There are 2 protein chains.
Amino acid sequence: MPKLLVIDDDLDMLALVRTALEKEGYQVDTEANAASLQPARCRLYDLLLLDVMMPGEDGFSFCRRIRTEVDCPILFLTAKAEDSALVQGFGLGADDYIKKPFSIAELRARVSAHLRREVRQPTHILRRGNVRFDIQAKTAYAGEHTLPFTKGEYAICEHLALHAGQVFTKEQLYEAVFGFDAEGDPSAVAEHIKNIRAKLKAHGICPIDTIWGVGYKWQKSEDL
Amino acid sequence: MPKLLVIDDDLDMLALVRTALEKEGYQVDTEANAASLQPARCRLYDLLLLDVMMPGEDGFSFCRRIRTEVDCPILFLTAKAEDSALVQGFGLGADDYIKKPFSIAELRARVSAHLRREVRQPTHILRRGNVRFDIQAKTAYAGEHTLPFTKGEYAICEHLALHAGQVFTKEQLYEAVFGFDAEGDPSAVAEHIKNIRAKLKAHGICPIDTIWGVGYKWQKSEDL
DNA sequence: GTTAATTTTAAGGATTTTATAAGGAAGAAG
DNA sequence: CTTCTTCCTTATAAAATCCTTAAAATTAAC
């Protein structure tokens, strides 16, 4: 279920867009003010919809500010119909420019097209609820905050999340993470699990279940 | 130099579009008839521009026929302004739908945006917070001051900044910078990192993180 | 309710990895 | 030839992680 962020100062417009896109099955968040939004927040989403003319920071300025740090498609949604504005928008790194008034059908079709193209590209982001793993960067995030995992903690945590719902014994976890031959004391894994849980709990989430007498598993969403 | 294919039965339109896009530096081929075009031919191009209403095979039919075999962006360029046609176009896997009459500026902007996303081409100037890299001049700046990097230091630093957020081992960094066969002592890289950090710290910035047990990475903004 | 097994927690030391500093080799510039 | 810069190596100090151990808490079984 892709996550979208819509930024517009017009609350009616926000409600309209949100309704239309939620009907498509997307998870939609809205913001009325761009100025306070940091790139880290935007990176939580799969696509951004931006109004251009807003009090405070306008859409162009916002796009310029975050573009180098945010990879997802950025779509302008605006009443500025002049070519110069459109060219400026694309020049700032936008992926589409939809002129108001637009039809709901067009909005949905364009959003869908951009998301479709994203998934065509190999992704290195694993999302499990509020926790995201950047496989390449070997970094985990809780919301917009980086989780300060050590190497071993990250490896164990990623392995559990990647195979969500599957139970692993301590020995299996140790082998999966540090290699076959590795002979790990099971209690070493327990120590790592403890630290992982502590760092996750700091953000109010505890997605790792203990299966008594067996091992650990990452919760599947239906277990919540 | 990206290669584009434009398909339209209107020869004046073909000439207009070709001229506009060749001015951008693209290599443009044109076809007046879609029916004879095979997917293999289309795979030669980086982007397709398609008219919808054509004698013989129309644009929608053509798109449906080749989409599963052709990965590049497909843009419709059409006088059919109805929402239903637009939705149908996107539904067939198109990436954009430009309504006639369109401005040359808009055409260029949209084509450029789609190619940019495909290739994700970096610009000559890379900005990461307060640090800027001039890729061509191989020079880095902190604010207005030039950073006195040596050649090797610059190469390592640029590589980290270019892939901000991604972790590289010392070996990977050495290879990326000095070539595949290079067998570098990891500690040589550590020495360079030390010097790079010292020069950045002189301007009050320290954007390179150590990922213990893995390597180094350029911070993404959320890590600050 | 009691017991036994298992997990959680906490603390310490061992190990691994990185940071720092100093010295030398190779090459460019004067 | 000398001088300088850059790069690499080596050695040592510092830091962080990992593992071990043991006690406390929890869970399951009787």
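The values are calculated or read from the model by the stated rules, or taken from the named source; none is laboratory data. Given the structure is predicted, the values throughout are model-derived calculations rather than measurements. Cβ placement follows ideal geometry from the backbone for every residue including glycine, while neighbour counts extend to all protein chains displayed. The accessibility values were calculated without ligands, DNA or RNA, using every heavy atom of the protein model including side chains. Shrake-Rupley method; radii C 1.70, N 1.55, O 1.52, S 1.80 Å.
General observations
- Restricted to strands (runs of 3 or more DSSP E) entirely inside the stretch A:128-224, those with at least 3 residues that are open to solvent by less than 40 Å² (accessible area, probe 1.4 Å) are A:131-134, A:139-142, A:215-218.
- Subset of the stretch B:203-218 (residues that are without any contact (Cβ under 8 Å) to a residue 12 or more places away in the chain and more than 6 Å from DNA strand C (Cβ to nearest atom)): B:Gly204, B:Cys206
- Hey, B:Ser84 in contact with a Phe, Trp or Tyr (Cβ under 8 Å, 6 or more places away or on another chain), within 14 Å of chain A (Cβ to nearest Cβ) and surrounded by fewer than 19 Cβ atoms within 10 Å (Cβ to Cβ) or not: no
- Filtered residues of the stretch B:18-33 (kept if open to solvent by less than 80 Å² (accessible area, probe 1.4 Å) and over 11 Å from B:Leu5 (Cβ atoms)): B:Thr19, B:Ala20, B:Gly25, B:Ala32, B:Asn33
- Meets criteria (out of contact with any helix residue (DSSP H, G or I) (no Cβ under 8 Å at 6 or more places or on another chain) and at positive phi) for A:Gly56: yes
- Failed item, numbered, when A:Phe178 is tested on (1) within 13 Å of DNA strand C (Cβ to nearest atom); (2) farther than 26 Å from A:Val70 by Cα; (3) away from chain B (no Cβ under 13 Å); (4) not charged (D, E, K, R): (3)
- Among the numbered conditions (1) buried (at least 18 other Cβ atoms within 10 Å of the Cβ); (2) more than 10 Å from chain B (Cβ to nearest Cβ); (3) more than 23 Å from A:Ile205 (Cβ to Cβ), the only one that A:Ser36 does not meet is (1).
- Hey, B:Arg110 within 12 Å of chain A (Cβ to nearest Cβ) and either assigned to a helix (DSSP H, G or I) or closer than 18 Å to A:Gly89 by Cβ (or both) or not: yes
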